[in-house]
1. Roughly how many whole Å is it from the C-alpha centroid of region A:53-89 to that of region B:34-50?
2. Taking θ = phi - 60°, what integer Hz values does the Karplus form 6.51 cos²θ - 1.76 cosθ + 1.60 yield along region A:85-91, in sequence order, with x for Gly and Pro?
3. Below 8 Å between Cα atoms, with a sequence gap of 6+, how large is the relative contact order for chain B in percent?
4. Please compute the average number of Cβ atoms from other chains found within 10 Å of each residue's Cβ in peptide A:174-184.
5. Could you list which residues have their amide H under 5 Å from that of B:GLY317, counting only those 5 or more apart in sequence or on another chain, with H placed in the peptide plane?
6. Lys/Arg Cβ at +1, Asp/Glu Cβ at -1, dipole of chain A taken about the Cα centre: which of A:ALA30, A:TYR69, A:ILE54 is farthest positive-ward?
7. What is the local net charge at B:HIS243, summed over the other residues whose Cβ is closer than 12 Å to its Cβ (Lys, Arg +1; Asp, Glu -1)?
8. Label position 7 Å from Cα toward Cβ: report the copy-to-copy distances for A:ARG247 in nm, one decimal, ordered from shortest.
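None of the figures in this text is laboratory data; all of them are computed from the coordinates on show. Just so it is clear, the structure is predicted and the values come from calculations on it, not from any experiment. FYI the Cβ positions are ideal-geometry reconstructions off the backbone, even for glycines, and counts take in every protein chain you see.
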Protein chains: 2
Amino acid sequence: MITRLWAEYRVLLLFAIRWLGISGVVGALAGTASAGFLVALDWVTTWREAHPWIMMGLPLGGLLIGLLYHWLGKAVEGGNNLLLDEIHTPQAVLPLRMVPLVLLGTLLTHFFGGSAGREGTAVQMGGALADQLTRGLSLRRRERRLLLIAGISAGFASVFGTPLAGAVFGLEVFLIGRLRYDAILPSFLAAVCADWVTRAWGVGHIAYPVLAVPSFSLLSLGSAALAGIVFGLISRVFAATTHRISRFFKLKIAYPPLRPLVGGVVVALLVWLLGTTEYIGLGLPVILRSFAEPLPVYAFALKLLLTALTLGAGFKGGEVTPLFFIGAALGNALAPGLALPMPLLAGMGFVAVFAGAANTPLACILMGVELFGHEAGLYFGLACSLSYLFSGHRGIYSAQMIGQSKH
Amino acid sequence: MITRLWAEYRVLLLFAIRWLGISGVVGALAGTASAGFLVALDWVTTWREAHPWIMMGLPLGGLLIGLLYHWLGKAVEGGNNLLLDEIHTPQAVLPLRMVPLVLLGTLLTHFFGGSAGREGTAVQMGGALADQLTRGLSLRRRERRLLLIAGISAGFASVFGTPLAGAVFGLEVFLIGRLRYDAILPSFLAAVCADWVTRAWGVGHIAYPVLAVPSFSLLSLGSAALAGIVFGLISRVFAATTHRISRFFKLKIAYPPLRPLVGGVVVALLVWLLGTTEYIGLGLPVILRSFAEPLPVYAFALKLLLTALTLGAGFKGGEVTPLFFIGAALGNALAPGLALPMPLLAGMGFVAVFAGAANTPLACILMGVELFGHEAGLYFGLACSLSYLFSGHRGIYSAQMIGQSKH
């Protein structure tokens, strides 16, 4: 029996040591990439806010991105979906060029004032950087899956400063309705390391307010449930709108580089008509305000439309920070009608719209706890599980497979 | 399309409203049962501590429990495993007598000084109470599964005051290596309601210290990983010892009621030899001390042995609070050798030994965050995922099925 146990633990120890090393490297790569990305993104955003006329260049920026991907990036155009596809049915190591292309594409998008996020960029950089180890370590198919999941976790964890949410996001994102634990160690190790490396580079994250929580009652339970349902519906609208706009552009404009050019014209015109730059870029200032003061009730819809247009037309970035914006603004708008405080509803929307759109409720609950404190955890749990249930089976990542029907 | 969407959402809304109602009832039942149980347990514990001679009655208590279950409880002897079996392959509605039997059995165990926990009791009460709705609502097989999972979540959430951990525990506990989301709404609703009902009855929970976290380094990462591995090994030792002692008693003593009688003699003798009552009952005072001062290095081993003897012989209760004790004492003992503060290691052990023994790492991470604050979340994540990996495929619940191999 001792021999059998030792044989088992020998394998396990080797596995753990091996993945401690691999995840450390993945974390260092993804964390460094995220740090550089966050610094550059910050610079680009500050510059744009100081020179709003740059938005007139959005169509040009779109053309640039379009040409970049048309000439150099056909193999990596799939973005996040390509990563998920490789987890499901491994084909070939992701080209390293995915990293500079998505980085440059995202920075151009934000520089010229598109409305987009950053998790797609971080996740693609994390995944593609991690995948470069596949050849050097001659990983087999199964191990490569763990590596890709670890890369996703590392990218997500480091760009938002949320290691637990990042780790679980990687485990949760490729299947709807089911979570598999075989990558649990690589995910947690890579997420923790990546987050640490980003912080070690001196790159910080926004501090969100710790949310005060009212004493629980049937009224607050009902309010939380109702809000969760609305969050789920809107996350479905977001995913459907983005997919539809993307299909429309593909159908109407045959030459790919022209799609973001035309999209850039539309977005720039809309922003000019709106007369405010609040709805472009990441939108972090508005997100922060959603915890403090009432926003216009239509704020979430504007952000939804501009983001769907930006990403549907072929600009780069991600969906998550705009989803935070949409959710927080929507929660803010729901506050007068529900028996919960405005900041709490904003925080619930922040995580729950994302939970519904990405079909990752557990990662979003953990994110809520990491960003806003565990006191509100129960409300995040209710909002995320209802949003997940009401967001349909087709989220923002079309390569997600259905592991189990939601209901 | 509108018709199709409406048809989909009609089903979903009915599902949500139905389960809002059902989970509310489940939560009220389980929460009330837990409240009563916690009050009685507290009374029993206080009385025992004031009259330590009562321990001489432990064999008698054992005989009483044995006779109770032999005469009245043959159908519910399986306890937690019976619940898990019913989730996997539904046979028949759980007899309501499961509730008074496990309640009385647990109170007798603690009254006479056995070393046991309380989650088994709460989970069995929650599950059996919930299952009584099956007939009244004429639930089908699939819905009954959701009901049982909700009952487990409600019992766990309310007895520990941790709604998020309770909700995820119910989802996570019946399969190793895989988590299914179809019960996510019933679980969260029932857990939140049950926790609220217990608190509404005026029953509070122990407040654990918020754990201070050192700045992260490779040394602390290595320490956390090493500690996680040790926690996993000990959780395996605990499960194996309990199973083995149980098998031994079954093999050597044919008449079931005599098993806890003999077990009671052994436990009472051991405690008399030890000359302290610190290792019997729940052991909450020692758990609290493990965050504040060094404990004897052997404390975890004594608690492990006494609990395995108590439960293996057929006393009632649960494994979880003793696992908290074992983990916290072990973390405390590891502190001098590792580069992490003692309270943090105690907290990591508290959740991680349980994570390994029950194969529920995500619930345990959430529990860590709910009890000790989210600042230490990253350490809980590392400790729980490593403990889960190193605890083997046979945990404390032998009816758990392997959904996916751990490695």
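1. 64 Å
2. 4, 5, 5, 6, 9, x, 10
3. Across chain B, relative contact order equals 23 percent.
4. 6
5. B:THR121
6. Of the options given, the answer is A:TYR69.
7. Neighbour charge sum, excluding B:HIS243 itself: +4.
8. For A:ARG247, the other copies' label points sit at 5.8 nm, shortest first.
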